[in-house]
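*Asks:* Here it is, the structure in full.
The values are calculated or read from the model by the stated rules, or taken from the named source; none is laboratory data. Just so you know, these numbers come straight off a predicted model, no measurement behind them. No Cβ is skipped: glycine too gets one built from the backbone with ideal geometry, and neighbour counts run over all protein chains shown.
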Amino acid sequence: MTSNTKNSTTRIAQPSVLPMTRKEMDRLNWEELDILMVTGDGYVDHPSFGAALLGRWLIHHGYRVGIVAQPRWDRPDDVTCMGRPRLFAGVTAGSLDSMLSHYTAFRKKRSDDAYTPGGKAGNRPNRACIAYTNVVQRAFPGLPVILGGIEASLRRISHYDFWSDSIRRSILLDSKATAITYGMAENSIVTLADTIRDADQPDSKTLRPLLTSIPGLAVAGSTRDIPEGTSIIELPSHEDILADPQALITATTLLEKQVHQNKETAIQSTAGRLVILPPPGQLLDTKGLDELAGLPFSRLPHPSYTKRIPAADMIQTSVTTHRGCAGGCSFCTLALHQGRQIRSRSKKSILNEVKSITKVKGWNGSISDVGGPSANMWGAYCDMDSSECKRASCLTPAICKHYKVTQSDFVNLLRSVSDVESVKHVRVASGWRIDLALTDMKALACMIREFVGGQAKVAPEHQVDHVLHLMRKPGFAAFEKFLKLFSEESKKAGKQQYVIPYLMSAFPGCTDDDMYSLGDWLKSQGWKPEQVQCFIPLPGTAAAAMFHAGTDMKGNPIHVPKTDAERLRQHAILIPTTGRPPNGNKGHRPHQPGKRRK
């Protein structure tokens, strides 16, 4: 679906930067905001940052939007600096779940925050969606508050919370927000803005019956609020999940089905109240994604910041080519949030963005990344009606016959990017999906020789097949085949290049013996990994449900490393030292800290 402009008639010029102060509003001759965006990230005017992305999209559709970034949460002063918005406040924890942003896999506080000026932790609260909603409601009583982003999206129903080791109810109920825009929200949020604008009394109570008909919007209500004739998926109640861990497996399976089949409304009861989840919002197609990417993002942090934002530096010269991930890995939030169906930008749009990057201050001639959730999924599509699909993953246990992607098209795109004037280097820094890459050995060889830039990131995750099966990852033989080709093609190109494998310890179903098996394989290769991700059960994922229930998704008992002692023990099998990791890698480079917190 392209942009929904039928009800948005006022055209507003895109500002050089979205306002964060009253003075900036005055320079734009804006008397008031229509929508206030509150975010746990620093404000970077880049399409990788949700508040900037939706802010510019709403301006494109005729709404005046301001941003309050990382406000204090113990007083309302920061959120009132631009006055009460006319329609609603949007609240997001930022690019990461705030608890993941704050705590390691062993629940130790992190000292860094890549999305904050200066890179230090502490500028956003724990459970940021709840804290920010509270401060906005204190500042503007009666104003609708709409949650969005990964924290709210993945906590929209009852979920296992690793940091409190408990089942928490929907964040919608805990925050007392008006609604959640879940998933990719461009069309949903414009429809929402139009609905609130046209409502006679735009307060939370009177809006509820109107909001339950908007796709991609979770609302608390009752059966009276559900349009007559709606097809319903009834999820296990919050009380059912508290009483029986298997009910979380059922709820997660049904929610995945709703997201991927995209045709029914899900409901969940909590103490007599319903969380109502209409089907996901219509996703932007190629035309809509091109329209969105063509908005005049400066790609820079707000000029008021005096300290660098590490994440802004990382993505300054990167280009996102598509959305969605067909893998559906059980531990990952991407498919649940963005969907399994790939939606790709056009080649023309991508090249236009590259040209705009070359004009940004500080351009050094290198495009650091051309890719997405898995770089080599650009241009992929499914020739099957998604409402009929019953698979949890398009790629495992084998690549589905209905999933179509041409690897050579991606190579040709990369070559076109490298032909843009003043572009000296083009790299693919986002991960490759190995099983897809191996479907076209010639294209893969070209990618290795021309676009690696010294390091190729791939995600075998583990070496033991039954663990990989639970992860929804391909068998390890694919990784070994990839390594052989990578070594051969790097030598042909006369380059010293390295594979950076993402590895994971303490996954549900993984035993100490499984970790020793992985460790033995690494030793056989002469590899000494310096960093391994210890599994963190993220809310809403299948892996979190397995961790809590102690079974696989079919209810079969599995071993789950739950205690910190066992998790640390498994971790130490690959990284035996507690101090500085040893040097002296052979044919391997370590993970880069802070790059992966899925």
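*Asks:* From the list A543, A506, which one is closer than 25 Å to Q246 by Cβ, at pLDDT 85 or above, in contact with a His (Cβ under 8 Å, 6 or more places away or on another chain) and of a type in the set (G, A, S)?
*Replies:* Criteria check complete, one pass: A506.
*Asks:* Name the residue, out of D465, D514, that is among the acidic types (D, E) and buried (at least 18 other Cβ atoms within 10 Å of the Cβ).
*Replies:* On the way: D465 fails: buried (at least 18 other Cβ atoms within 10 Å of the Cβ).
None of the other options fit; the residue is D514.
*Asks:* For V467, are the conditions met, namely being among the β-branched types (V, I, T), in the same structural domain as P373 (by TED's automatic domain parsing) and outside any helix (DSSP H, G or I)?
*Replies:* Details: among the β-branched types (V, I, T): yes; in the same structural domain as P373 (by TED's automatic domain parsing): yes; outside any helix (DSSP H, G or I): no.
Against the criterion (among the β-branched types (V, I, T), in the same structural domain as P373 (by TED's automatic domain parsing) and outside any helix (DSSP H, G or I)), V467 does not qualify.
*Asks:* Another one. Search the range 359-379 for residues being surrounded by fewer than 16 Cβ atoms within 10 Å (Cβ to Cβ) and in contact (Cβ under 8 Å) with a residue 24 or more places away in the chain, and hand back the single one that is nearest to M184 (Cα to Cα).
*Replies:* V360
*Asks:* Any idea which of (1) at pLDDT 90 or above; (2) crowded, with 19+ Cβ neighbours inside 10 Å; (3) out of contact with any Lys or Arg (no Cβ under 6 Å at 6 or more places or on another chain) is the one S231 doesn't satisfy?
*Replies:* Of the numbered conditions (1) at pLDDT 90 or above; (2) crowded, with 19+ Cβ neighbours inside 10 Å; (3) out of contact with any Lys or Arg (no Cβ under 6 Å at 6 or more places or on another chain), the odd one out for S231 is (2).
*Asks:* Can you pull out the helices (runs of 4 or more DSSP H) entirely within the range 300-376 that have at least 2 residues that are over 19 Å from the mean Cα position of the chain (by Cα) and either closer than 30 Å to T21 by Cβ or small (G, A, S) (or both)?
*Replies:* 347-357
*Asks:* Within the range 227-276, track down each residue that is of a type in the set (D, E, K, R) and either out of contact with any strand residue (DSSP E or B) (no Cβ under 9 Å at 6 or more places or on another chain) or part of a helix (DSSP H, G or I) (or both). Give the derivation first.
*Replies:* Of the range 227-276, the ones of a type in the set (D, E, K, R) are 228, 234, 239-240, 244, 256-257, 263-264, 273.
Listed by number, the residues that qualify are E228, E239, D240, D244, E256, K257, K263.
*Asks:* Regarding D194, is this residue farther than 27 Å from P76 by Cβ and either among the β-branched types (V, I, T) or in contact (Cβ under 8 Å) with a residue 12 or more places away in the chain (or both)?
*Replies:* Taking the combined requirement at face value, the residue satisfies it.
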